[in-house]
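Let me begin by presenting the structure, written as structure tokens, before commenting on it.
The values are calculated or read from the model by the stated rules, or taken from the named source; none is laboratory data. Being a predicted model, the structure only gives us computed values, none of them experimental. Positions of Cβ are backbone-derived with ideal geometry, glycine not excepted, and every protein chain shown enters the neighbour counts. The area values use the complete protein model at the heavy-atom level, side chains included, leaving out ligands, DNA and RNA. Shrake-Rupley method; radii C 1.70, N 1.55, O 1.52, S 1.80 Å.
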Amino acid sequence: QVQLVESGGGLVQPGGSLRLSCVASGSAFSILDVGWYRQAPGKQRELLARVRTGGSTIHADSVKDRFTISRNNAKNTVDLRMNNLKPEDTAIYYCNARRGDLEIWGQGTLVTVSS
């Protein structure tokens, strides 16, 4: 069973950058599509970016100019690089892996953008 652990969240000033990492346990990671989501207080969870097993990526229009997803199957990691962060980016960020009916979530990491 694959488990996901996110890291890299924290407090950052507006305009700053963060790199979130999602590390997976288990040998099946390379066959899973992996995405980053976020959920702000009082809002629905939203998809930010996803990287497929073959390496192709999609990014939400709202963040595509500032966020970049990448994966390293050798290290079982998927990173989300976030630049020019804004206060409205404050949320809990979640890693998600899926294949067919299988779907796995991490516990989330908090990102706070504030001066």
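Quick notes on this structure:
- Label point 7 Å beyond Cα of residue 40 along Cβ direction - residues of segment 80-115 with amide nitrogen under 17 Å: 82-94, 109-115
- DSSP loop trypsin sites (Lys or Arg not before Pro) with at most 16 other Cβ within 10 Å: longest gap in the chain: 1-42
- Accessible-area composition of the chain, carbon plus sulfur, in percent [1.4 Å probe]: 45 percent
- For the chain, the relative contact order is 36 percent, taking Cα pairs closer than 8 Å that sit 6 or more residues apart in sequence and dividing their mean separation by the residue count.
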